[in-house]
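Input: a single structure, listed below in structure tokens.
The values are calculated or read from the model by the stated rules, or taken from the named source; none is laboratory data. From a predicted model like this one, the values you see are computed outputs, not experimental measurements. Cβ placement follows ideal geometry from the backbone for every residue including glycine, while neighbour counts extend to all protein chains displayed. Ligands, DNA and RNA are stripped out before the accessible areas are found, and what is left, the full protein with its side chains, is counted by its heavy atoms. Shrake-Rupley method; radii C 1.70, N 1.55, O 1.52, S 1.80 Å.
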Amino acid sequence: MSELDSLYQEILLDHYRRPRNFGALADPDRAAEGDNPLCGDRVRVEVRLDGERLVEVGFTGTGCAISTASASIMTELVRGRSGPEARELCARFQSALTGGGGPEALAELGELAALGGVSQFPMRVKCATLAWHTLRAALAGGKAPVTTE
Ligand code: ZN
């Protein structure tokens, strides 16, 4: 295992053990739920908006280390961004994992690069992108509480 791989491993384990922004929001404007039956991951993403801006993003649910770490990193990355910026990040992440861009394509996205290695494991791509699809559904959907189960 290279030094970079073990650094990435540490980042993912840290987010899995101490997920950031884990918990329901007091007063969400948008929410959606998603699940990944292949692995058993379930997530609910809640967003509080100020105009276009995502001022608070939280998530709840249960899942494997990759889905939890990805959701945790996502909440930190999209908070403070506008809806279109958040959607663009979702699209970039998705195409890096499925289009073979791998870690290089995510290099400028901070801790998100730690998930780039998942692109080598198609079964785990759905784990990594679950929270992102759910965020997109929340942003596209109506007002909370919304469920997409
Ligand atoms: Zn999973």
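Let me have the 222 nm mean residue ellipticity of the chain computed from DSSP H runs of 4+ only, each contributing -39500 (n - 2.57), with the sum over all residues rounded to the nearest 500. Don't jump to the answer; show the numbers that get you there.
Details: 5 runs with 68 residues, N = 149.
One gets -14500 deg cm²/dmol as the mean residue ellipticity at 222 nm.
For the chain, which whole percent of the accessible surface, found with a 1.4 angstrom probe, sits on carbon and sulfur atoms?
Working: 3850 of 7510 Å².
Taking all protein chains in place, the chain shows 51 percent carbon and sulfur surface.
So between Met123 and Ser2, what do we pick up on full extension, going 0.36 nm a residue minus the alpha carbon distance? Don't jump to the answer; show the numbers that get you there.
Values: separation 121, 0.36 × 121 = 43.56 nm, distance 2.27 nm.
Computed gain between Met123 and Ser2 is 41.3 nm.
Which of the GluC sites (Glu not before Pro) found in the range 1-89 are in a DSSP loop and have at most 15 neighbouring Cβ atoms, other than their own, within 10 Å? Numbers along the way, then the final one.
Details: sites: Glu3, Glu10, Glu33, Glu46, Glu52, Glu56, Glu76, Glu85, Glu88; in loops: Glu52.
Sparse-neighbourhood loop GluC sites (Glu not before Pro): Glu52.
Counting only protein chains, not ligands or nucleic acids, how are His133, His15 ordered by accessible area (probe 1.4 Å), most first?
Numbers: His133 85, His15 0 Å².
Descending accessible area places them as His133, His15.
Sticking with the crude label model, points 7 Å out along Cα→Cβ, report the distance from Ser95 to Leu13 in nm, one decimal please.
My value for the distance between the label points is 3.4 nm.
Could you tell me which helices of the chain pass both thresholds, a Cα extent of 15 Å or more along their own axis and a mean Kyte-Doolittle hydropathy of at least -0.5, with helices taken as whole DSSP H runs?
Details: long enough: 3-17 (21 Å, -0.59); 65-78 (20 Å, 1.21); 83-98 (23 Å, -0.29); 122-140 (26 Å, 0.47).
Helices meeting the criterion: 65-78, 83-98, 122-140.
Could you calculate the FRET efficiency of Glu104 with Ala26 from 1/(1 + (r/R0)^6), where r is the beta carbon distance between them and R0 is 35 Å, rounded to 0.05? All intermediate terms of the calculation are to be shown ahead of the outcome.
Values: r = 39 Å, r/R0 = 1.13.
Using R0 = 35 Å, I get an efficiency of 0.35.
When averaged across all projection directions, what area in nm² does the alpha-carbon convex hull of the chain cover? Could you put the intermediate results ahead of the total?
Details: hull surface 32.2 nm².
The Cα convex hull of the chain, projected and averaged over all directions, gives 8.1 nm².
Hey, what's the range 3-140 come to in accessible area per residue, 1.4 Å probe, Å²? Don't skip to the end; give the middle numbers.
Working: 6570 Å² over 138 residues.
Result: 48 Å² of accessible area for each residue.
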